Amino acid sequence: MKSNFLFIALLITASLFFTACEKDDPEPIVEPELITTLKYNLTPVSGGTTITLNFQDLDGDGGNAPTITGGTLAANEIYTGTIELLNEAESPVENITEEIEEEDEEHQFFFQSNISNLAIAYTDEDADGNPVGLNSTLTTGAAAAGSITIILRHEPNKSASGVSDGDVTNAGGETDIEVTFSVDVQ
């Protein structure tokens, strides 16, 4: 009888020990990718030289100010646009664009401009049929000057009102990068 009592006490103690060890492990913190470079390459459909709007901040947030290069676009032109994202702080350089392509359901670019008669339309989509924005079409109108802002959101609510049309207002999610480029349309 004493051995049964000892066995039961040992069993209870062991079960408490193993139960205490079953605590949920904390979720690992996933650091966002460092994006040091964003290039928006615009190739005129009618032919000609590609214009590249370029953002580069090799030391990331803080430290040295980024270098931002805008561009001059032709009036009444259609451009094929592609976005390239890099982490040039890594060696070799890490192509973040590939990660966005692989995780396209979790990302969307948003384009804003204060230039009248300038429109940017999505030409790519994720597996669910929602826009991504790595590829686009930019159409200019009459000569004007202003800016284009490109925003990359991580885990936006792509089904929210207006989001599929490029309205960032209801998108939610977290901003991975936001860059404003000066642009002249001549």
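Phi angles of the stretch 109-115 translate, via the Karplus equation with coefficients 6.51, -1.76, 1.60 and θ = phi - 60°, into HN-Hα couplings of 8, 10, 10, 10, 8, 9, 8 Hz per residue; Gly and Pro are given as x. As a calculated quantity, the FRET efficiency between Glu105 and Ala145 at R0 = 25 Å, using C-beta atoms, amounts to about 0.10.
The length gained on full extension between Asp165 and Thr49, counted as 0.36 nm times the residue separation minus their Cα-Cα distance, comes to 38.9 nm. Using θ = phi - 60° in the Karplus curve 6.51 cos²θ - 1.76 cosθ + 1.60, the 3J(HN,Hα) couplings for the stretch 136-148 round to 8, 10, 10, 10, 9, x, 5, 4, 6, 9, x, 9, 10 Hz; x is entered for Gly and Pro.
Here, each number is a calculation from the coordinates, and none is a lab measurement. Just so we're clear, the structure is a prediction, and the values are computed from it rather than from any experiment. No Cβ is skipped: glycine too gets one built from the backbone with ideal geometry, and neighbour counts run over all protein chains shown.
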